[in-house]
Amino acid sequence: MKIALVGYGKMGKIIESIALQRGHIINLKIDIDNKDSFTKENLQQCDIAIEFTGPNSAKENIRNCFDAGIAVVSGSTGWLTDWEEIKNYCAKKNGSFLYASNFSVGVNIFFELNKKLAQLMNGHKDYEVSMEEIHHTQKKDAPSGTAITLAEQILKETLCKKNWVNYSSTNPLELVILSKREDPAHGTHSIKYSSIIDDIEITHTAHSRHGFAQGAVLAAEYLAGKTGIFNMKDVLGLY
């Protein structure tokens, strides 16, 4: 595949390395220093874009790729209030789009464990569920997209919580997500069910960015030649 890297920071550089190792070509690299190269003509020299930028630019970047007629894999977080707009625009352009809050194979398996545990704990009122996520200090959003995905899974599977909050709370209807920012940290997410008798806790800890980058390349390989909207469950067959 001929790949456009939209966002060429630390993650973009690791994605580049893995993509080249897997026999792909990097045709375009876009970062803050060469935004003028982010044109329809340049994008059309590529088969697919892998977009890792930030919440303020992701939506426009994704739309520009649809306008150029190329598939998009996006790992930017913090923009999902515009999800329906992007979904509709993808359909209008007959585009191909794959979004994930986290591309790590291990994290996506962790998502499935989280859902199952929430199902098992539903109705056990003696347990209080809470979450913690730890990322590096340059992380732009809090809570992380991964934490939000985990929280929304819990809210869907349990009746005891009505919404999540990103601060300490004693409201029994609120699912607390505590966000910590410290260095070095590649990403840790924990879900704890606590009672006066015992605690049940599941944790995923990333050791590097390579798992996220490898998953993004796998997603791009999966998306090639397809039309529509997909996610990492499709890539990994987690149905």
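Read-outs throughout are calculated quantities, based only on the coordinates presented, and are distinct from any laboratory measurement. In this text, all values refer to a predicted model and were calculated from it rather than measured experimentally. Every residue, glycine among them, receives a Cβ derived from its backbone with ideal geometry; neighbour counts consider all protein chains shown.
Please give the calculated 222 nm ellipticity per residue for the chain, where each DSSP H segment of at least 4 residues contributes -39500 (n - 2.57) and the sum is spread over every residue; nearest 500 deg cm²/dmol?
My calculation for the chain gives -11000 deg cm²/dmol from helical runs alone.
Assuming 0.36 nm per residue, please report the length gained on full extension of the stretch D141 to N163 beyond their Cα-Cα distance.
6.1 nm
Using DSSP to define loop residues, name the GluC sites (Glu not before Pro) in region 82-189 whose beta-carbon has at most 16 other beta-carbon atoms within 10 Å.
Within region 82-189, the qualifying GluC sites (Glu not before Pro) (loop, at most 16 other Cβ atoms within 10 Å) are E182.
What trypsin sites (Lys or Arg not before Pro) in region 1-61 are in a loop by DSSP, with at most 15 other Cβ atoms within 10 Å of the Cβ?
Sparse-neighbourhood loop trypsin sites (Lys or Arg not before Pro): R22.
Got the relative contact order for region 105-205 handy, in percent, Cα pairs under 8 Å and 6 or more residues apart?
Normalised by residue count, the contact order of region 105-205 is 35 percent.
Pick from S76, S190, S37: which is most flexible by mean-square fluctuation in a GNM of the chain where alpha carbon atoms under 10 Å apart are linked?
Most flexible of the set in this elastic network: S37.
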